[in-house]
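Down below is the structure, laid out as structure tokens.
The values are calculated or read from the model by the stated rules, or taken from the named source; none is laboratory data. This is a predicted model, so every value here is computed, not measured. Because the Cβ atoms are built from the backbone with ideal geometry, glycine has one as well, and the counts that use them run over all protein chains shown. Keep in mind that these areas ignore ligands, DNA and RNA; they rest on the heavy atoms of the full protein, side chains included. Shrake-Rupley method; radii C 1.70, N 1.55, O 1.52, S 1.80 Å.
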Amino acid sequence: MPKPIVALVGRPNVGKSTLFNRLAGERLAIVDDTPGTTRDRIFAEAEWNGIPFDIVDTGGIDPTYGGKSPLSVGSADFIEQIREQALVAVHEAEAVLFLTDGAEGVTPADREVAEILRRYQKTVDDPSTAPSLAPSLRSGHGSGLRLRAGKRWPPIFLVVNKCESANRRDQAIQFYELGLGDPYPISSLHGMGTGDLLDDLVAAFPIPAEEEADESVKIAIVGKPNAGKSSLLNKLVGAERAIVSPIPGTTRDAIDTQIEFNGLPITLIDTAGIRRRGKIEPGVEKYSVLRSFKAIERADVVLLLIDATTGITAQDAHIAGFIIEAWKSTVVLVNKWDAIQKDTYTMDEYTRLVRRELNFMDYFPLLFISAKTGQRVDQVLPMALRVQEERLARILTSRLNQVLREAQDAHPAPSHAGRQLKIYYGAQVRTDPPTFMIYVNEPKLMHFSYLRFLENRIRDQYEFLGTPIKIVTKGHKEEQ
């Protein structure tokens, strides 16, 4: 079941990345005193009171920008993209944390951001308030956003950050003027006040509806806008199921299509950028990966489309990173192969390029296709189903331990501070994805490089094609 998404929004340099890192439990966002440092939306999983949710760190919104923004040199060109990016996150979120700065007090930029957010703050009980949304946003003009059918308006929590002292916490009362309810004075740096905020946050999540059992294999089609996702979907389905357009971002929502392949039920999930046809503005295509992220979470296998005419881009690597973080199996498809001038060595050269740029997930199978002409499209679903089988595979415990012994004989673990890592035994404890528990004398002696060595030795015996594998170490005393 998809986890609730919480978006962190606010003007630049109010501490969104610091709060993001605290909730995520690790430093995933760049933290810098220079406004506008965070330009990409970053995702991570958090948990409070046993309730998991995803957090989205957005770039700062500065609606007062008119060439005089305090953004660092070179950042001003990004301000509109950052604003659009945050609005997309708000549109998709189940809750919004609007951060302000208690040290600076209420600023004109805060008032403008609050006005933007009030346009989105609608209650479930009073849908008649929807017309107060700005006409440009209701119709999709300007931001290109429209509330999805069945999607409730997210609650907005007004967070006053940098309230380390009692005086600043008292001064937080001034933020009532923003008209967004009770302010929550916190210190994201020190964690003060975040507990009360998180208690109310998770309590506001919508109650998940019971889902019908779905035994189909779920295959998500993801990639940057205009990579050919909808064309591939139509070719796989054999019908014009999705609108196909040369304009990036024609498809707005994730589209589920149920098909049957060799008697096996399959759900194809098509995703694309959130744009209105004929109205393409810079920035949103680059940052509209939120729905792809949500589709990846729902999928068993992900088809990552690469546009052969543009090569591997930063956004391709960005999406691949989401796939890795979600522990999903992957098939990489180089699309539009018909548009490439080729010789005998072109495919080999392109293969080396793709594998070099995506070397952090080097286990993936690679197909060169053309969704337009149908070239090799007939190989896509068989490959995806093969990868799904690998995801559910198991290794016998006896065979796994033989592999571990042979690995240690061939390359003993390096010692650390005079102590030697000892591996006692291992077992595969689950599938989907394949997960191995290895019992050792001291888990902290297991260096990342040796863990990767063990993974490679396991893959030598069982490929787990297209599938990430988890290796978890656990301390265990050697039996006497």
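When region 356-408 is filtered for residues that are closer than 16 Å to residue 332 by Cβ and of a type in the set (Val, Ile, Thr), the ones remaining, listed by number, are 369, 377, 380, 387.
Does region 189-203 hold any residues that are at pLDDT below 90 and open to solvent by less than 40 Å² (accessible area, probe 1.4 Å), and which are they? Once the filter is applied, which keeps residues that are at pLDDT below 90 and open to solvent by less than 40 Å² (accessible area, probe 1.4 Å), region 189-203 yields only 191. Of the residues making up region 389-428, those that are within 19 Å of residue 461 (Cα to Cα), assigned to a strand (DSSP E or B) and in contact (Cβ under 8 Å) with a residue 24 or more places away in the chain are 425, 426, 427, 428.
Has region 336-344 got any residue that is of a type in the set (Gly, Ala, Ser) and closer than 30 Å to residue 428 by Cβ? No, the conditions are met nowhere in region 336-344.
Restricting attention to region 380-426, the residues being open to solvent by 80 Å² or more (accessible area, probe 1.4 Å) and under 30 Å from residue 237 (Cα atoms) number 3. On inspection, residue 452 fails the criterion of being closer than 23 Å to residue 326 by Cβ, surrounded by 19 or more Cβ atoms within 10 Å (Cβ to Cβ) and either touching a residue at least 40 places away in the same chain (Cβ under 8 Å) or not polar (S, T, N, Q) (or both). Looking at region 133-154, can you tell me whether even one residue there is at pLDDT 60 or above and closer than 24 Å to residue 18 by Cα? For region 133-154, residues at pLDDT 60 or above and closer than 24 Å to residue 18 by Cα: present.
Out of all the residues in region 369-388, which are in a loop (DSSP other than H, G, I, E, B) and either among the hydrophobic types (A, V, I, L, M, F, W, C) or out of contact with any strand residue (DSSP E or B) (no Cβ under 9 Å at 6 or more places or on another chain) (or both)?
At the first step, the residues of region 369-388 found to be in a loop (DSSP other than H, G, I, E, B) are 369, 371-374, 376.
Scanning region 369-388 gives 369, 371, 373, 374.
Residues that are among the polar types (S, T, N, Q), surrounded by 17 or more Cβ atoms within 10 Å (Cβ to Cβ) and either over 23 Å from the mean Cα position of the chain (by Cα) or part of a loop (DSSP other than H, G, I, E, B) (or both) within region 204-239 comprise 226, 231, 234, listed in sequence order.
If you go through region 158-181 one residue at a time, how many are touching a Pro at 6+ places or on another chain (Cβ under 6 Å) and among the acidic types (Asp, Glu)? Lay out the reasoning, then the answer.
From region 158-181, those touching a Pro at 6+ places or on another chain (Cβ under 6 Å) are 158, 160, 163, 169, 172, 175; that's our starting set.
Those still in the list that are among the acidic types (Asp, Glu) too: none.
So the count comes out to 0.
Restricting the search to region 313-332, which residues are over 15 Å from residue 296 (Cβ atoms) and at pLDDT 90 or above? Steps first, please.
Initially, region 313-332 is screened for residues over 15 Å from residue 296 (Cβ atoms), giving 313-314.
Those that are over 15 Å from residue 296 (Cβ atoms) and at pLDDT 90 or above: none in region 313-332.
Only one entry in 99, 71 is open to solvent by less than 10 Å² (accessible area, probe 1.4 Å) and either modelled with pLDDT of 80 or more or of a type outside the set (Asp, Glu) (or both), namely 99. Output the residue which, of all residues in region 346-368 that are in a helix (DSSP H, G or I), without any contact (Cβ under 8 Å) to a residue 60 or more places away in the chain and hydrophobic (A, V, I, L, M, F, W, C), is surrounded by the most Cβ atoms within 10 Å (Cβ to Cβ). The residue in question is 354.
Any idea how many residues of region 429-474 are in a loop (DSSP other than H, G, I, E, B) and touching an Asp or Glu at 6+ places or on another chain (Cβ under 9 Å)?
Residues of region 429-474 in a loop (DSSP other than H, G, I, E, B): 431-434, 441-442, 446-447, 462-469.
Now narrow it down to the ones that are touching an Asp or Glu at 6+ places or on another chain (Cβ under 9 Å): 432, 434, 441, 462-467, 469.
The qualifying residues number 10.
Take residue 429 and tell me if it is under 19 Å from residue 470 (Cα atoms) and surrounded by fewer than 14 Cβ atoms within 10 Å (Cβ to Cβ). The answer is yes for residue 429. In region 323-345, the qualifying residues are those that are part of a strand (DSSP E or B) and either in contact (Cβ under 8 Å) with a residue 40 or more places away in the chain or of a type in the set (Ser, Thr, Tyr) (or both), and the one that is farthest from residue 55 (Cα to Cα) is 335. Selection of region 312-345 for residues being open to solvent by 10 Å² or more (accessible area, probe 1.4 Å), under 25 Å from the mean Cα position of the chain (by Cα) and small (Gly, Ala, Ser) yields 314, 317, 321, 326.
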